[in-house]
Amino acid sequence: MKVYEKAPAKINLLLDVLRKREDGYHEVEMIMTMVDLADRLEMSELPRDQIVLSSHAGFIPLDEKNLAFQAARLIKERYGVSRGVYIHLDKQIPVAAGLAGGSSDAAAALRGLNRLWNLGLSVAELETLGAELGSDVPFCVRGGTAIARGRGEALESIESPPQCWVILAKPPINVSTADVYGKLRANELDRHPSVPRMLDAIRGRSFPDMCAALGNVLESVTLHRYPEVRQIKNVMSRLGADGVLMSGSGPTVFGLVSKESKVPRIYNGLRGFCKEVYAVRLLT
Ligand SMILES: C[C@@](CO)(OP(=O)(O)O)[C@H](O)COP(=O)(O)OP(=O)(O)OC[C@H]1O[C@@H](n2ccc(N)nc2=O)[C@H](O)[C@@H]1O
Ligand SMILES: Nc1ncnc2c1ncn2[C@@H]1O[C@H](COP(=O)(O)OP(=O)(O)O)[C@@H](O)[C@H]1O
């Protein structure tokens, strides 16, 4: 038997940091949603008790450092599964981009192995397992659109935002999430994005209000350190994107666009600045 799972990328429409916690993590308030850019996982049983991961992507680890591998090991150990699995990972989401590619692969592995091994776990149980792998994994298990609090694992699902195009541009730099949080001075932030304002925009189905409510406090670190990220934001705005923001800890910048006729100009204009540009839809 084989099972297939799609692992979509996420974007943060809003990311606020409230404070640094005693455990080293930061207390956040985020509004997250999925976009139609996805990795694909194919999972099948192995005759021997082993986890084997393969991928054509040459730039990710295929051993226990891979989050999909860690997900398989965790669910196997926790539920005493003594069967093996072969996972093939078709990688489409850029790596270390602020799009939660690895977290979404882990979430897809949890969902897929729950089916392959008939474990009968609920989404809530898979989310709890996911939290052991990373702060973004519970949201990736659940999908849709949600407010994420705590370190990102306390989720409240909300309705989908108004449908639009999403242009993603990833400059060729690697940004470490831990580094960005480490450099943030959470108690010195002079501006915070407003969660109620973003929620009103989404619930009122107002695309312009949603664009106006976009905000990410981690930009204060990443844009300062990597001026090319700020440059991509400026270029995207100049080319006509309606709302522009960095996703997560970066370096990917996304632009929200309501009119399809504007998409080719923005896409082609950005290709002059960076190789990795995608035009996708929100997953609503
Ligand atoms: C910034 C965000 C926004 O969605 O995403 P990415 O940019 O990674 O996609 C997330 O908060 C990232 O979540 P994730 O990438 O799962 O983080 P984890 O593996 O749990 O943690 C990596 C490191 O980031 C820091 N970290 C993470 C989450 C959090 N709320 N506070 C933190 O301080 C910690 O230093 C931790 O060691
Ligand atoms: N399945 C995976 N896909 C991508 N990266 C992975 C995976 N498993 C582990 N990693 C590692 O996790 C780190 C962060 O990757 P990723 O999840 O793509 O970024 P981000 O957290 O910025 O969204 C990278 O350094 C990468 O080597």
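Within the listed set F273, F59, F69, the residue fluctuating most in the Gaussian network model of the chain (springs between alpha-carbon atoms under 10 angstrom) is F59.
A crude spin-label estimate for the pair E156 and S237, with each label 7 Å from Cα along the Cβ direction, gives 3.0 nm.
For segment 2-158, the relative contact order works out to 29 percent when only alpha carbon pairs closer than 8 Å and six or more residues apart are counted. For segment 2-158, the convex hull spanned by the alpha carbon atoms encloses 109 Å³ per residue.
For T284 and E45, FRET efficiency with R0 = 41 Å and r from the beta-carbon atoms, rounded to 0.05? Could you put the intermediate results ahead of the total?
Numbers: r = 34 Å, r/R0 = 0.84.
Rounded to the nearest 0.05, the efficiency is 0.75.
Projecting the alpha carbon convex hull of segment 1-45 along each direction and taking the average yields 5.1 nm². In the calculated pair-distance distribution of segment 105-244, the portion above 25 angstrom amounts to 43 percent of the Cα-Cα pairs. Taking the chain, how much of its Cα-Cα pair set, in percent, is spaced more than 32 angstrom apart? Tail of P(r) above 32 Å: 24 percent of Cα pairs.
Within the shell defined by Cβ-Cβ distances under 12 Å, the residues around L283 carry a net charge of +2, with Lys and Arg each +1 and Asp and Glu each -1.
Using the Cβ of F207 as centre and a radius below 15 Å, the other residues enclosed give a net charge of +1, where K and R count +1 and D and E count -1. Among D23, D39, D105, the residue with the largest mean-square fluctuation in a Gaussian network model of the chain, with springs joining Cα atoms closer than 10 Å, is D23. Cα centroid separation, segment 10-71 to segment 226-284: 23 Å.
Over the chain, what relative contact order in percent results from Cα pairs under 8 Å that are six or more residues apart?
23 percent
Distance between the pseudo-spin-label points of L18 and S258 (7 Å out from Cα toward the beta carbon): 3.3 nm. Looking at the chain alone, DSSP beta bridges between its own residues are antiparallel in about 90 percent of cases. When the chain is treated as a Gaussian network with alpha carbon springs shorter than 10 Å, the biggest mean-square fluctuation among E64, E219, E77 belongs to E77. Other residues within the sphere of radius under 9 Å centred on the Cβ of I147, judged by their own Cβ, net out at -1 (K and R +1, D and E -1).
The length gained by stretching the chain between Y25 and M1 to full extension, at 0.36 nm per residue less their Cα-Cα distance, is 4.6 nm.
Pairwise Cα distances in segment 165-281 exceed 23 Å for 32 percent of all pairs. Between D209 and E132, with labels modelled 7 Å along Cα→Cβ, what's the label distance in nm to one decimal, could you check? If labels sit at D209 and E132, their model points lie 4.2 nm apart.
What value, in deg cm²/dmol to 500, does the helix sum -39500 (n - 2.57) over DSSP H runs of n ≥ 4 give at 222 nm once divided by the residues of the chain?
So the calculated ellipticity at 222 nm is -9500 deg cm²/dmol.
Read-outs throughout are calculated quantities, based only on the coordinates presented, and are distinct from any laboratory measurement. Fair warning: this is a prediction, and the values are worked out from it, not measured in the lab. Here the Cβ is made from the backbone with ideal geometry for all residues, glycine too, and neighbour counts use every protein chain on show.
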